[in-house]
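Here is the structure we will look at, set down as structure tokens.
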Amino acid sequence: MKVNGEKYRTIWPAEDGSGVVIIDQTKFPHTFETTSLLDLEDAAHAIRVMQVRGAPLIGATAAFGVALGMKADPSDESLHAACDTLLATRPTAVNLKWALDIARKRLIQIAPERRAHAAFELASQICDDDIATNMAIGMHGMELITEIAKKKRPGEPVNVLTHCNAGWLATVDWGTATAPIYMSHDSGIPVHVWVDETRPRNQGAFLTAWELGHHGVPHTVVVDNAGGHLMQHGKVDLVITGTDRTTADGDVCNKIGTYLKALAARDNGVPFYVALPSSTIDFSLSDGLSQIPIEERSGTEVSHITGLTEDGRTETVEIVAPGSDTANPAFDVTPARLVTGLITERGVLEANRKAIVKAFPERMKMSA
Ligand SMILES: CSC[C@H]1O[C@H](OP(=O)(O)O)[C@H](O)[C@@H]1O
């Protein structure tokens, strides 16, 4: 998307061939900063510390991480070690394994001397495919927003609530949950977004608010606990979130707090949609609650917060009573029964195995 009028992706090969450039998402919302990944460990570190995050972007970064590894050492041992190192960076987003499986299978069949070039080509293709996929998600999701807009008074916005950041910053471009929002906004449909701040990493307040603001989409940041109240008072027309891993039966794993939004949406008759590329569907899993690994991140993300002081300094402060224990499960699972529909690149699907397998039969065969 555009930043101050200049088009950006979240990740791209450096023009001088030295490595890969990313937007460092740990600097938002007050600083827009890019940084270079020069080797495999740089790529692994960027995923671990969330300089890059979001399932599709994690997958794309891992693909470039393999390419950087092949640049240094294209041997079979190096290829497997690179994939294993990157796979161990974060456990929940399935795009990480999806991208590494493709890279491993593709590159092991190529002569070592040609692996680096082939790996960079593969990573670039994954990025291009992600953009095309998200644009298709945007078109399918815009149809939902358009139908709601028809029932509104002229000029009255469609109110969408989203959780965490499933925006262009979570992908290579366009986003998943935000793609329908951007496309609706760009086509003149009035849209307003309730942005869950999304404690403790605040991807909503720091990332979603930042990117919607730069695109001129009206939005309001709210605390995570406000969503149910807004729905009770008819202020939310639909919820659209992203996902890090969705099972073949339609169970949706996403940022912690998503399940609570889905419960509130069901109780208030608000449609709850999940936008996702098929690369985020784990066709090998059926029951999300028992099968999807939930990342436990550091408790300091709960006990401390980083922000900008009045005199422009970035500071981290403690916000929990000293000595208190903290827990930080980073994701939860929303059962398929609470999901109105899955907005994919091949259309809006019911959240069940029959619909998913019908839409992506080739993926089911691959996972068998
Ligand atoms: C389009 S995937 C976005 C998904 O990823 C986020 O997790 P994290 O920021 O920890 O990588 C969150 O669950 C978003 O919904």
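General remarks:
- Folded to 0 to 90 degrees: helix 112-149 orientation relative to the chain principal axis, Cα: 10 degrees
- Other-chain or far-sequence residues with amide H under 5 Å of Asp282's (modelled H): Thr246, Thr247, Ala248
- The chain: relative contact order in percent, alpha carbon pairs under 8 Å with at least 6 residues between: 15 percent
- Segment 137-367: C-alpha gyration tensor shape, a/c 1.5 cut-off, then a/b vs b/c: oblate
- Over 32 Å between alpha carbons, listed pairs Lys105/Lys354; Lys2/Lys97; Lys27/Lys150; Lys151/Lys365; Lys27/Lys365: Lys27/Lys150; Lys151/Lys365; Lys27/Lys365
- Here, segment 2-128 has an Rg and a Dmax of 13.9, 45 Å when only alpha carbons are counted.
- The chain: most fluctuating residue of Leu276, Leu122, Leu342 per GNM, C-alpha cutoff 10 Å: Leu122
- Prolate/oblate/rounded label for segment 145-265 (Cα gyration tensor, a/c 1.5): rounded
- GNM top mover of Val317, Val221, Val339 - the chain, alpha-carbon springs below 10 Å: Val317
- Computed from the Cβ-Cβ distance with R0 of 30 Å, the FRET efficiency linking Ala111 to Thr34 stands at 0.35.
- Per-residue extension of 0.36 nm, minus the Cα-Cα distance of Val3 and Asp267, leaves a gain of 91.2 nm for this segment.
- Within the listed set Thr208, Thr309, Thr35, the residue fluctuating most in the Gaussian network model of the chain (springs between alpha-carbon atoms under 10 angstrom) is Thr309.
- Here the calculated FRET efficiency for Glu362 and Gln232, from their Cβ-Cβ distance with R0 = 56 Å, stands at 0.85, rounded to the nearest 0.05.
- Using 0.36 nm per residue and subtracting the Cα-Cα separation, the extra length available between Glu147 and Arg346 on full extension is 69.8 nm.
- Overall form of segment 123-190 per C-alpha gyration tensor (a/c, 1.5; a/b vs b/c): prolate
- At R0 = 56 Å, FRET efficiency that the Cβ-Cβ distance of Arg353 and Glu310 yields, to 0.05: 0.55
- Between Ala327 and Leu289, the modelled label-to-label distance comes to 1.6 nm, taking each label 7 Å out from Cα in the direction of the beta carbon.
Since every read-out is calculated from the coordinates, none of them should be taken as a lab result. Every value quoted in this text rests on a predicted model; they were computed, and no experiment measured them. In this analysis, Cβ positions are derived from the backbone assuming ideal geometry, glycine residues included, and neighbour counts consider all displayed protein chains.
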